[in-house]
Amino acid sequence: MKLTLTHDHKLATGVLGLDFTSDGSRAFAACVDGHVYTVDVATGQTEALEGAHQSYASGCVLLPDNQTLISAGYDGMLLWHDLASGRCWRRLKAHSFWSWQMALSPDGSRVATTTGQYVPGGWKYEPAAESEPSVKVFDTGSGDLVAAFGHTPPVLSCAFSADGRHLAAANMMGEVRVWNLNDAASGQPVSQWTTPEFTSWGTTKTHHYCGGIYGLAFSPDAAVLLCCGMGPMGDPMAGNGKMTWQRWNWARGERLDQIKDALQGAGLMESIAWHPAGTHFFMAGRQAQGTWNAGLFSATDGSLVTSLDTKKRITHARFTEDGGTLLVSGAHGQGVRKQGAWPPWGSLQTYRVEA
């Protein structure tokens, strides 16, 4: 497969969350300034939706009606936006801390969001127990809480299976839990495991745990779960842990594959996405050391098919439904403030995907 850059748009501020219409013509960017912007993918023209988060907007999802967008933020709020009018018509307090990541069920009926603050819980600096359920699921129509699951905070990522039956969430300590949503009342995961390749203990400058699983993605057939993030490092301030992905048979908690040692650079991988055909997957993030920060991998043997050095931080990546386009969002530095204003430092790129 080949990736060819077709659009490279600058946005006013860094992008933390991304969604788009099924044809990829219109994108929605959740940004550091708390706003959610609509973006014309062809021209790069942007418009802010009414209603902003009181801190970073960390994610956004478009419902199947193509008229309703739900955003999440570091203020712990979920906001419902009407795209026709731009009006924010529902505000819901989901968490007392940040919403790290959100995910939409395939049928659009449920939205999941994760939270949690890393507070040392003992002399070994292990995370303290959660002060609220770290994973919550809401009905997108009514806004009602329909499920709440316990985990070890901070819980950095979540994903629904392609059939909508299961929800996975993962944390800073490399622990993954999967729940059956048809048995949400029990609150018990149907599978869970911990993988040490996604966490580390800092030994230089500051001593605490760091790293984590920042991206999760079920395969199109719902049989396999991909994880990505950052592995062991000595200096947490450098952010130079290994760029890592792993592939799991989640039902058995069995690791099937992981990134080859020769391919690992250093940096934080924040997003992972399956191609709709299930033949390839894409992982991207920010680079500390190495030659690439975005790579397309074969689902057959885990080999790197093509790689990119975008010179930008990539926070979110997704293929369109037909698999012909890849959209990626993120940030490029932050520049220097001049005359009271920051230069544009957000990024939205599109790539044509060719066999």
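Rule-based calculations on the coordinates, nothing more; no lab input. A quick note: this is a predicted structure, and the numbers were derived from the prediction, not measured. Every residue, glycine among them, receives a Cβ derived from its backbone with ideal geometry; neighbour counts consider all protein chains shown.
Beyond 27 Å in Cα-Cα separation lie the following of the pairs LYS242/LYS338; LYS10/LYS136; LYS10/LYS260; LYS242/LYS312: LYS242/LYS338; LYS10/LYS136; LYS10/LYS260. Taking each residue as 0.36 nm, the span from THR204 to ASN249 lengthens on full extension beyond its C-alpha to C-alpha distance by 12.7 nm. Bridgeable lysines around LYS205 (alpha carbons under 17 Å apart, same-chain partners fewer than 8 residues away excluded): LYS124.
Multiplying each eigenvalue of the alpha-carbon gyration tensor of the range 224-355 by 5 and taking the square root yields semi-axes of 27, 20, 12 Å, largest first, rounded to whole angstroms. Extension gain for ALA42 to ALA129 (0.36 nm times residue separation, less C-alpha to C-alpha distance): 26.7 nm. The ranking of HIS95, HIS35 by Cβ neighbour count inside 10 Å, starting from the fewest, reads HIS35, HIS95.
Mean separation of Cα pairs under 8 Å and 6 or more residues apart, divided by the residue count, gives the chain a relative contact order of 14 percent.
Between ALA223 and SER109, the distance separating the two model label sites (each 7 Å from Cα on the Cα→Cβ line) works out to 2.6 nm.
Taking label points 7 Å from Cα along the Cα-to-Cβ direction, GLN67 and ASP301 give a separation of 5.1 nm. The value of relative contact order for the range 38-184, using C-alpha pairs under 8 Å at least six residues apart, is 14 percent. Please work out whether the range 187-300 counts as rounded, prolate or oblate from its C-alpha gyration tensor, where a ≥ b ≥ c are the square roots of the eigenvalues and a/c under 1.5 means rounded, while otherwise a/b larger than b/c means prolate and anything else oblate? Verdict is oblate for the range 187-300. Under the criterion of Cα pairs below 8 Å and six or more residues apart, the relative contact order for the range 69-117 equals 30 percent.
Can you classify the chain as rounded, prolate or oblate using the Cα gyration tensor, where a ≥ b ≥ c are the square roots of its eigenvalues, rounded means a/c under 1.5, and otherwise it's prolate if a/b beats b/c and oblate if not? Rounded, because the longest to shortest axis ratio a/c is under 1.5.
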